[in-house]
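Below is one structure, written out as structure tokens; comments come after it.
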Amino acid sequence: MGLHRLLTALGLLAALWAVPARAAENAAPRPPDTAPVLAEIERRGVVRCGVSFNPGFAANDDSGRPVGFMVDLCRALAAAVLGKADAVEIRRLSKPQEFAAVAAGEVDVSFAQTSWTLTRDATLPIDFGPPVFHDEQGIAAWRLPDGRSPLQSGEATICVPAATTSHWALESYLARGEKPWTLRPLPTWPDALQAFIGRECAALATDRALLTAALRTLDAPADAIVIAEPPVPSREPIAPLAANTDRMWLAVVRWTMFALILADDAGVTGENAGFLRITGSSEVQRLLDGLPDAARKVGLRPDWAYQAIAQVGNYGEIFERNLGARSPFQMERGPNKPWTQGGLLYAPVFQ
């Protein structure tokens, strides 16, 4: 090939490569993806939330109405999306049923007290929202006649819900041969709890808050059971999860939770939200105005955050009435405080 023909060919190739680049530079911005989950929710008129029935977190009250911490998070989501906190359909899920239910579209979001882990995030067709409850592992045990815990006495059988982070953490610990305990995995948390109540095992392991709430409902002397510290530190970042097929819906779930957390940190309550909508700091006003331009892109109404807070309350209000000082469980907030108060709850900037 002569020099002239070679230069001509190279010029044509360069021109062909440059066309897509220039076209990409000059192309109009891609319109936001449609939100099929949100559209279906609006058509249906309710948000479908999966929960695990556990005292304080989700249960039916005397009238059969679902109540609890996770139920209220679902209600806040419905208030943000539909403007009506009670426009919810609560579905009871047992572990690990929540993953299949979310992936199959049987629920729009799961609040089934699921810990965020790398394996779940990487291998399942789901995405996690922000942690809404920070827990740790706990082990409850029936006291021996001499007042000691059977965990101190040597051999003990520990019931644990199978395929949970509590199960995996204890299994790894015992594999090192440091304690002569025997694990007894059971299919579900209710199975494990029932085996413990029936004294089929000396101890019961799961998330500490779940243990605390469940054991308060038992008809047993207050000093008959001791909740011990786990032998190894554990982290249980409990987070909602949704299918990974709709990025806009995940953004709605994520930022509704962040709105409740920021409101708690900023002192915005269900009672004063209307007043602070006008008089609050610049970020509080942005929160309660809902950043309409950004909200529109994900399909939310302009007052989405205001409705969630005004109808259901901020994160702290939801915690206290279901789990804390205003509940029968009297749980301390511990790490579930805003970061400005020494906790782990943190919301990105509303801007």
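Assuming charge only on the beta carbon of Lys and Arg (+1) and of Asp and Glu (-1), the dipole of the range 207-351 about its Cα centre is about 400 debye to the nearest 20.
Looking at the range 226-272, the accessible area is 40 square angstrom per residue; that uses a 1.4 Å probe and ignores ligands, DNA and RNA.
Simple spin-label estimate for residue 168 and residue 344 gives 1.5 nm between the two label positions (7 Å along the Cα-to-Cβ direction from each Cα).
For a paramagnetic label modelled on residue 44 (point 7 Å from Cα along Cα→Cβ), amide N atoms under 15 Å away belong, within the range 240-275, to 241-246, 249-250, 253. Around the amide H of residue 88, modelled in the peptide plane, lie the amide H atoms of 47, all under 5 Å away and 5 or more residues distant in sequence or on another chain.
Histogrammed with a bin width of 5 Å, the alpha carbon distances of the range 308-351 distribute as 6, 22, 21, 27, 18, 4, 2, 0 percent, first bin at zero. Loop-located trypsin sites (Lys or Arg not before Pro) across the range 277-351 with a Cβ neighbour count of 12 or fewer within 10 Å are 326, with loop assigned by DSSP.
Find the centroid of the Cα atoms in the range 286-334 and in the range 35-68, then give the distance between the two in whole Å. So the two Cα centres are separated by 16 Å. Residues within the reach of a label modelled at residue 216 (point 7 angstrom out along Cα to beta-carbon, backbone nitrogen below 13 Å), restricted to the range 326-351, are 326-333.
Within the range 60-100, all pairs of alpha-carbon atoms sorted by distance into 5 Å bins from zero give the percentages 6, 22, 23, 24, 17, 8, 0.
Each of 134, 270, 300 was placed along the dipole of the chain (beta-carbon charges, centred on the mean Cα), and the one lying farthest toward the positive end is 300.
Peptides 69-77, 125-133, 265-273 ranked from most to least packed by the mean count of surrounding Cβ atoms within 10 Å: 69-77, 125-133, 265-273.
Structural descriptor for the range 154-203: relative contact order 53 percent, calculated from alpha carbon pairs under 8 angstrom and at least 6 residues apart.
Give, in nm to one decimal, the length gained when the segment between residue 146 and residue 106 is fully stretched (0.36 nm per residue of separation minus the Cα-Cα distance).
9.4 nm
Farthest toward the positive end of the dipole of the range 147-259, out of 195, 220, 185, is the Cα of 185, where the dipole comes from beta carbon charges about the Cα centre.
Of the chymotrypsin sites (Phe, Trp or Tyr not before Pro) found in the range 295-351, those in coil by DSSP whose Cβ has at most 15 other Cβ atoms within 10 Å are 346. Of the GluC sites (Glu not before Pro) found in the range 122-197, those that fall in a DSSP loop while having at most 12 other beta-carbon atoms within 10 Å are 155, 178. Charge dipole (Cα centre; +1 on Lys/Arg Cβ, -1 on Asp/Glu Cβ; no other charges) of the range 43-121 amounts to roughly 180 debye.
The range 89-212 has equivalent-ellipsoid semi-axes of 30, 16, 12 Å, by the square roots of 5 times the alpha carbon gyration tensor eigenvalues, sorted largest first.
May I ask what percent, to the nearest 5, of DSSP beta bridges between residues of the chain are antiparallel? For the chain, the DSSP antiparallel bridge percentage is about 55.
Between the beta carbons of residue 271 and residue 199, assuming R0 = 45 Å, the FRET efficiency works out to 0.45 to the nearest 0.05. When you restrict to C-alpha pairs under 8 Å that are six or more residues apart and normalise by the size of the chain, the relative contact order lands at 21 percent. Surface composition of the chain: carbon and sulfur make up 55 percent of the accessible area, probe 1.4 Å.
Could you work out how far helix 3-26 tilts from the main Cα principal axis of the chain, as a 0 to 90 degree angle to the nearest 10? So the helix axis and the longest Cα principal axis differ by about 50 degrees. Based on Cα contacts under 8 Å between residues 6+ apart, the range 80-194 shows a relative contact order of 20 percent. Rounded to the nearest 20, the Cβ-based charge dipole of the chain about its Cα centre (Lys and Arg +1, Asp and Glu -1) stands at 760 debye.
How large is the helix-only mean residue ellipticity at 222 nm for the chain, computed as the sum of -39500 (n - 2.57) over DSSP H runs with n ≥ 4, divided by its residue count, in deg cm²/dmol to the nearest 500?
-12500 deg cm²/dmol
Here residue 136 and residue 92 are evaluated by their C-beta separation; at R0 = 22 Å the FRET efficiency comes out at 0.30.
The values are calculated or read from the model by the stated rules, or taken from the named source; none is laboratory data. Predicted, not measured: the structure shown is a model, and the values here were computed from it. Here the Cβ is made from the backbone with ideal geometry for all residues, glycine too, and neighbour counts use every protein chain on show. Protein only, heavy atoms only, side chains kept; ligands, DNA and RNA dropped before computing areas. Shrake-Rupley method; radii C 1.70, N 1.55, O 1.52, S 1.80 Å.
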